[in-house]
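Heads up: the structure comes next, in structure tokens.
The values are calculated or read from the model by the stated rules, or taken from the named source; none is laboratory data. As the structure is a prediction and not an experimental result, all values here were calculated from the model. Using ideal geometry, Cβ is built from the backbone for each residue, glycine included, and neighbour counts are taken over all protein chains shown.
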Amino acid sequence: MNEAEFPMKGKSILILDDEVGIVDFIADVAEELGSDKIFKVTESSQFLNVYNSQLDFIFLDLFMPDTDGVEILHFLGESKSKSSIVLMSGVDERVLNTSVIIARGYGLNIVGTLSKPIPLRQLEYVLSEPKNFREQTFRKKSSRITEEDLVSALASNDQLLLYYQPQIQIQKKRIYGFEALIRWKHPEFGLIFPDEFIKLAEDSGYIKELTWYVINKAIETLTLWRREGYLVRVSINVSVDDLQDLSFPQLLFESMKIHSLSPFLITLELTESKLMGEDPHSLEILTRLRMKGFEISIDDFGTGYSSLEQLSRVPFNELKVDKSFVLDCLENQDSKTIVESTIEMAHKMGLTVVAEGIENRDILRYIQNLGCEVGQGYVFSPALNYLDALNFMKNIDLSKYFS
């Protein structure tokens, strides 16, 4: 094995990030470069179980939901770690830079920082030549993605990936389903999240192709899970642009029928801030979807500008409370009021309520006591690839979250 081609041969790497897609992406690159000692961690609580002083590399996400990265840097400093450390963040570059100062104050070997989405070339560079990478911070490059990139991704078999975040019935303590979340594994810019390319898809007219890509992949996954004995629902985000094609309900119904799947297994999520107003075509399509047995959910409720009148006009049967309110509902009185009043209103309208952003057991208990039916968040699991989601269903003991 050529050392120049496989610079990670014999080297070990620990990756800590709450996004499974990020962890898998870094692990895949490290493996391609020769590493066969890869430790993947998605929860800070698992870090101590995996960490050892002989690690060559540590990739550390600073913004973890349970224990932040600075606390882990403190631990590594106390442990006098000699690993080459790369700090990652998708939020604030200044926080990254300040964290580097803190880490070096602890005597840690920080070889660089990466802003998300992580550029593939820079990731390969830091793993191959960490000494030369030192002092460099690489900024987001996803703004350079083009319509041609998107067309290429849609035609590719391996650039667009689906991950599935579990949704749990918190009153009945059983699995309710999964939300399908798309990720773009760009050959140059690395892993890109949907908020950075959905608008490109809408503006370029490729949103329908992207939606059908997600739908077809989700149906494939539902079929695979059914073969393993698991019949669960999947939620799929749709754009208002998808609701202009009058053939959409029938095409979706036929796609499910071909695979002998019930329409009940698909929930279509429509973001509140992009609701369709008075458009009769959209209302017709949503009504026909409901009549065919599909579930319709209003997503990110509380963040948009739609009227309650519109909520009553559209045939929704599910409402998702936006995670921004759920995350700080125990510390922020305004958020608490919004969460409580939204759940109460939705129940009076006969809607099932899904609370996003349940990050810990205190929030889970609070949401459960409010009578909310379904919970989604890192307290249960981050988004998973379809095989890990299958293992989640096979092995999960939900009682431990409610003890």
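Structure notes:
- On inspection, Leu246 passes the criterion of being of a type in the set (A, V, I, L, M) and either over 26 Å from Met393 (Cα atoms) or not assigned by TED's automatic domain parsing to the domain that holds Gln167 (or both).
- Test: residue in region 324-335 that is in contact with a Lys or Arg (Cβ under 8 Å, 6 or more places away or on another chain), at pLDDT 90 or above and in a loop (DSSP other than H, G, I, E, B): yes
- Region 19-132 holds helices (runs of 4 or more DSSP H) entirely within its bounds, and those carrying 2 or more residues that are touching a strand residue (DSSP E or B) at 6+ places or on another chain (Cβ under 8 Å) and surrounded by fewer than 16 Cβ atoms within 10 Å (Cβ to Cβ) map to 93-105.
- Residue check, Ile207 within 28 Å of Glu359 (Cβ to Cβ), at pLDDT below 95 and in contact with a helix residue (DSSP H, G or I) (Cβ under 6 Å, 6 or more places away or on another chain): no
- Scanning region 371-384 for residues that are crowded, with 17+ Cβ neighbours inside 10 Å and in a loop (DSSP other than H, G, I, E, B) turns up Cys372, Glu373, Gln376, Gly377, Tyr378, Val379, Phe380, Ser381, Pro382, Ala383.
- Considering each residue of region 349-365 in turn, at least one proves to be exposed (fewer than 15 other Cβ atoms within 10 Å of the Cβ) and among the acidic types (Asp, Glu).
- Candidates Ile298, Ile343: the one that is at pLDDT 85 or above and either acidic (Asp, Glu) or surrounded by fewer than 22 Cβ atoms within 10 Å (Cβ to Cβ) (or both) is Ile343.
- Among residues of region 205-231, those that are surrounded by fewer than 16 Cβ atoms within 10 Å (Cβ to Cβ) and either small (Gly, Ala, Ser) or touching a strand residue (DSSP E or B) at 6+ places or on another chain (Cβ under 7 Å) (or both), counted: 2
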